[in-house]
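Asker: Supplied in structure tokens, the structure appears directly below.
The values are calculated or read from the model by the stated rules, or taken from the named source; none is laboratory data. Since this is a predicted model, take the numbers as computed values, not measurements. Cβ atoms come from the backbone with ideal geometry, glycine included; neighbour counts cover every protein chain shown.
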Number of protein chains: 2
Amino acid sequence: MEKVARYREYIQTLLNQYAADDFSNDEVEVQLIFDTERDHYQWMNVCRQEFNRIYRCIVHFDIKDGKIWLQQNLTDQNPADELVEMGVPKEDIVLGLQPPFKRQYTEYGTIRSYAAVSNNSGQQTGDCLG
Amino acid sequence: MEKVARYREYIQTLLNQYAADDFSNDEVEVQLIFDTERDHYQWMNVCRQEFNRIYRCIVHFDIKDGKIWLQQNLTDQNPADELVEMGVPKEDIVLGLQPPFKRQYTEYGTIRSYAAVSNNSGQQTGDCLG
């Protein structure tokens, strides 16, 4: 199977497992959001009551240029390690939620930004908030 | 065209328009996440740099039981009104981001919770945080 097709399967399998183990109560909707065309994958909790609201993405993966980006992780688990156990090479996983300068100190991919991927310059061209 | 199929088109058209007008700088990735199988639709901003991080869903729609739920809106616009202009009856739009007791005071749908939709009891059965 083509590499990216395998990665899509792994991510969906992992998020399905996480969501099945989600112990939120009945009022909290556990949402799995899989966009296999644009390659964005989320596990969310959504709930709105009189005085409480929960709206949070718990885990979010993207696939971009053959790499898996971990964009969000509110669990105490390590989804990147689980992908490695499934057969994804560490260099194909980018911890997108970590500051770019830290990525070189992990065993995972060291791509600095999506913009760097797109313009191939590897340079930071601006600022999130700028 | 079947009603829900039309609603799917309207939502994607609207989010595409919003995202095209997103004036974030080059470092911010504008993500459209469309899961047409589970009927979840998002427009997000994602950016991670050395000392800044942006991770936010700006607008989020769901379709459930023939109704459009607005789950998140960080814009200063009114996506519900725009859906009405496209031809969606107000009673088919639920302001999911509003507290349930407030929905009866809007012109939109008054379903109280997803749980109420599922078990048809109309009762609150628990608490988001409980």
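Asker: Can B:E85 be described as touching a Gly at 6+ places or on another chain (Cβ under 8 Å), closer than 15 Å to B:Y7 by Cα and loosely packed, with under 13 Cβ neighbours inside 10 Å?
Answerer: No.
Asker: Considering every residue within segment A:47-58, establish whether at least one is surrounded by 21 or more Cβ atoms within 10 Å (Cβ to Cβ) and of a type in the set (A, V, I, L, M).
Answerer: no
Asker: Right, A:F101: surrounded by fewer than 17 Cβ atoms within 10 Å (Cβ to Cβ) and within 14 Å of chain B (Cβ to nearest Cβ) or not?
Answerer: yes
Asker: Among (1) charged (D, E, K, R); (2) modelled with pLDDT under 90; (3) part of a loop (DSSP other than H, G, I, E, B), where does A:K102 come up short?
Answerer: (3)
Asker: Within segment A:28-43, restricting attention to residues that are of a type in the set (D, E, K, R) and in contact with a Phe, Trp or Tyr (Cβ under 8 Å, 6 or more places away or on another chain), which residue is modelled with the lowest pLDDT?
Answerer: Out of the qualifying residues, it is A:E29.
Asker: Could you say whether any residue in segment A:63-80 is among the acidic types (D, E) and within 16 Å of A:N16 (Cα to Cα)? Working first, answer last.
Answerer: Restricting attention to segment A:63-80, the residues satisfying the condition of being among the acidic types (D, E) are A:65, A:76.
Now restrict to residues that are within 16 Å of A:N16 (Cα to Cα): none.
Looking through segment A:63-80, none of the residues is among the acidic types (D, E) and within 16 Å of A:N16 (Cα to Cα).
Asker: Every residue in segment A:25-53 that is touching a strand residue (DSSP E or B) at 6+ places or on another chain (Cβ under 6 Å) and touching a residue at least 24 places away in the same chain (Cβ under 8 Å), please.
Answerer: A:V28, A:D39, A:Y41, A:Q42, A:W43
Asker: Sticking with this one: With respect to B:S118, determine if the residue is assigned to a helix (DSSP H, G or I), within 13 Å of chain A (Cβ to nearest Cβ) and modelled with pLDDT under 95.
Answerer: yes
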